[in-house]
Amino acid sequence: MPKAELETDRDDAEQEAARLAALVSTGILDSEPEPSYDAIARLAAEYFQADAAFIGFGDESRVWIKSHWGTAVRELPRKDSIFERVLAEDGPVIVSNSSKRPQAEGQLLVLKVLDMPFFASVPVRSFDGKILGLLNIFFREPRCEMVPDELRMLENLADMAASQLELRRLRKAFTAQKSRRARSSVAIADAPQSWPRRQDLRRALEQHQFVLYYQPEIELSTRKIVGLEALIRWVHPERGLIPPMDFIPMAEESGLILPIGDWGLSEACSQIQTWCREDSRHSSLRVLVNLSARQFSREGLADHVEALLLQTGISSRQLGLEMTESSLIPNMRTALEVLGSLRRLGVSLLMDDFGTGYSSLNYLHSFPFDVLKIDRSFVGRMTDGDQPMQIVRTIIELARVLGMDVVAEGIETCEQYRLLRQLGCRFGQGFLFARPLSSEAVTQLLRLPGRVLPEPKACEALCGRSRGV
């Protein structure tokens, strides 16, 4: 064999080895079914009115079907597969009415299995461009060539699958890293806390010892205050200011989270009313309130929120409700009903701490969220290496494809601020701009011209170079 051909074969083998290593790193092969990919296959089939759709990943010898819609296919031999066609083309492959259909015996076996001769296939790539899988839609009857907008839509859906795959890989690596650190640390067993007790929380509620602090949410490009996150604190007459992590678990366990949560919602709505009375321009502000799993499981939550809106006279768009992924899990039916009712009121819905739990695209597709909030643990480690940065980039891109906004939590350094702007993150909050403040202190901030916070002095030189990004 000529030397040039040997070198080509060697290069091809190295590229395939790198591709397979990237595929293995995701842990996707032979994994349990995941609703996220089902949602993408269903979206593709419904959008294009296709007869079947599937998402598959190719290893050395097979195309493994992760999710399908329509005719069920578990796996196919890789030889003469659509996957090999997509690899060879390094891009989309479309067979329509005007296309030349494959004639060779055994070629594109899936077309025979499905008995659907017309299809469109686009690659699902890793973030460094390797083709790990593909998204396919199939048709029994002829159809015209795809127009550019249709192809872009199919590629956007493939990008959603790629983002979900990357989150899976990064979460797997992140979990493995935390496990290694945990094994290398000495476990210290803390004595169980006997305080606060249920009666302490009840007394605090009755004696009005709870207060709300507010942390500004800003538009990163302008530093304008666009919203405020309401955060509960306990001002104890003897112990001083108590953070929520010290009493919320007991509130959850005792069931007092429901009356405490109702108080927080009512207080936030009243505060919005007060700020709007002071300056009608504050009507564009949105105050965000966190909901616990116990609160969210109440089927009457939407009725309660609607009553508060009518009582205070504020608009539903001025209120946002945050919930974590874990609060959706216990009762999916109730979650869907409650979220649907809140959406019909016009209240904004935010998924908090995205990336730390299930991170299921199925939830984002099924439930009407407006905003993803990137957990501070990822933002805080953005400058520690490529992995945390990739997680943040992936979440921002996933939100972009889904038409959602992103809020980055826990911004504490100028470098984090600069990187988030470069990545296209529109909104953020953190100590770099303002800590959680009393309502009186926030009122003073809202009186700043245009509600624009000054550039953090430490960031003037660094972020000044990134203006316009």
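Quick one: GLU337 ticks every box in (1) closer than 22 Å to GLU409 by Cβ; (2) touching an Asp or Glu at 6+ places or on another chain (Cβ under 8 Å) except a single one, so which number is it?
So GLU337 meets the others, but not (1).
Could you run through segment 14-62 and say how many residues are in contact with a Lys or Arg (Cβ under 6 Å, 6 or more places away or on another chain) and in a helix (DSSP H, G or I)?
Here the count works out to 5.
Can you report the number of residues in segment 195-232 which are in contact with a helix residue (DSSP H, G or I) (Cβ under 7 Å, 6 or more places away or on another chain) and either among the hydroxyl-bearing types (Ser, Thr, Tyr) or without any contact (Cβ under 8 Å) to a residue 60 or more places away in the chain (or both)?
Residues that pass the stated criteria total 8.
Which residue pairs have Cβ atoms closer than 8 Å, lie 6 or more positions apart in sequence or on different chains, and pair a first residue in segment 339-355 that is β-branched (Val, Ile, Thr) with a second residue that is crowded, with 17+ Cβ neighbours inside 10 Å?
Every condition considered, the pairs that remain are VAL347/VAL305; VAL347/LEU319; VAL347/GLY320; VAL347/LEU321.
Residues of segment 386-417 being in contact (Cβ under 8 Å) with a residue 40 or more places away in the chain and more than 21 Å from the chain's Cα centre (by Cα), which ones?
CYS414, GLU415
Scan segment 79-96 for residues that are of a type in the set (Asp, Glu) and assigned to a helix (DSSP H, G or I) and jot them down.
GLU84, GLU89
Condition (residue is modelled with pLDDT of 95 or more, small (Gly, Ala, Ser) and surrounded by 13 or more Cβ atoms within 10 Å (Cβ to Cβ)) applied to segment 439-449: is it met by at least one residue?
The answer is yes, given that some residue of segment 439-449 is modelled with pLDDT of 95 or more, small (Gly, Ala, Ser) and surrounded by 13 or more Cβ atoms within 10 Å (Cβ to Cβ).
Which one of the conditions (1) surrounded by fewer than 18 Cβ atoms within 10 Å (Cβ to Cβ); (2) assigned to a strand (DSSP E or B) does VAL406 fail to meet, given that it meets all the rest?
Here VAL406 meets the rest and fails (1).
Hand me the list of strands (runs of 3 or more DSSP E) wholly inside segment 166-285 holding 3 or more residues that are in the same structural domain as PHE296 (by TED's automatic domain parsing), surrounded by 12 or more Cβ atoms within 10 Å (Cβ to Cβ) and modelled with pLDDT of 85 or more.
In segment 166-285, the matching strands (runs of 3 or more DSSP E) lie at 210-219, 224-236.
Sort out which residues of segment 369-396 are touching a helix residue (DSSP H, G or I) at 6+ places or on another chain (Cβ under 6 Å) and within 28 Å of GLU337 (Cα to Cα), and write them in order of number.
LEU372, ILE374 - these are the residues of segment 369-396 that are touching a helix residue (DSSP H, G or I) at 6+ places or on another chain (Cβ under 6 Å) and within 28 Å of GLU337 (Cα to Cα).
Quick one: would you say ASP386 is farther than 29 Å from PRO243 by Cα and not assigned by TED's automatic domain parsing to the domain that holds ALA41?
yes
The values are calculated or read from the model by the stated rules, or taken from the named source; none is laboratory data. Just so you know, these numbers come straight off a predicted model, no measurement behind them. Virtual Cβ from ideal backbone geometry, glycine too; neighbours counted across all protein chains shown.
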